[in-house]
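Notes for the one structure printed next.
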Amino acid sequence: MVKKNTHTLCVVTVFNLSSCADNMPFEKTVLTISSDNSFQQTLLYNGRVGNKINIGYRELSNNMARPAFNNDVEYDLSESKIIGYKGARIEVIEASNQSITYKLLSNFKS
């Protein structure tokens with residue numbers, strides 16, 4: 001947030017706390033994160049059985065799943081802790097039946 005007609009820049013946190021600084025140089029940029037006609041790619045963690053994890057891939061367009069672009073893939077973690085799909089690469093740090101801890105190495109490729 002910028003106070004109008006001043007050179008003060010204020011930031012509001014998710015806890016609704018604000019912090020302001022005077023004479024801070026800044027550049028205002030508007031970014032669109034998602035829109036109704038956006039295209040999204042998603043990896044969904046579906047759990048683990050033994051050394052294998054199951055990952056679902058979904059593509060959404062206009063906030064609707066595209067049935068032809070849904071896929072479930074199984075990865076054997078005893079072979080490699082790094083998994084990949086459509087250019088996205090993930091290092092699996094820990095995986096249980098209910099959760100996964102991972103490091104994103106690269107995002108989806110266009």
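The values are calculated or read from the model by the stated rules, or taken from the named source; none is laboratory data. This is a predicted model, so every value here is computed, not measured.
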Item to check | Residue tally, condition part of a loop (DSSP other than H, G, I, E, B), of a type in the set (D, E, K, R) and at pLDDT below 95, over the stretch 80-110 | outcome: 2
Checklist entry - Quick one: would you say L43 is at pLDDT 70 or above and of a type in the set (A, V, I, L, M)? => result yes
Checklist outcome for this item: Screening C10, C20 for residues that are at pLDDT 80 or above, among the hydrophobic types (A, V, I, L, M, F, W, C), over 30 Å from K81 (Cα atoms) and more than 20 Å from the chain's Cα centre (by Cα) leaves only C20
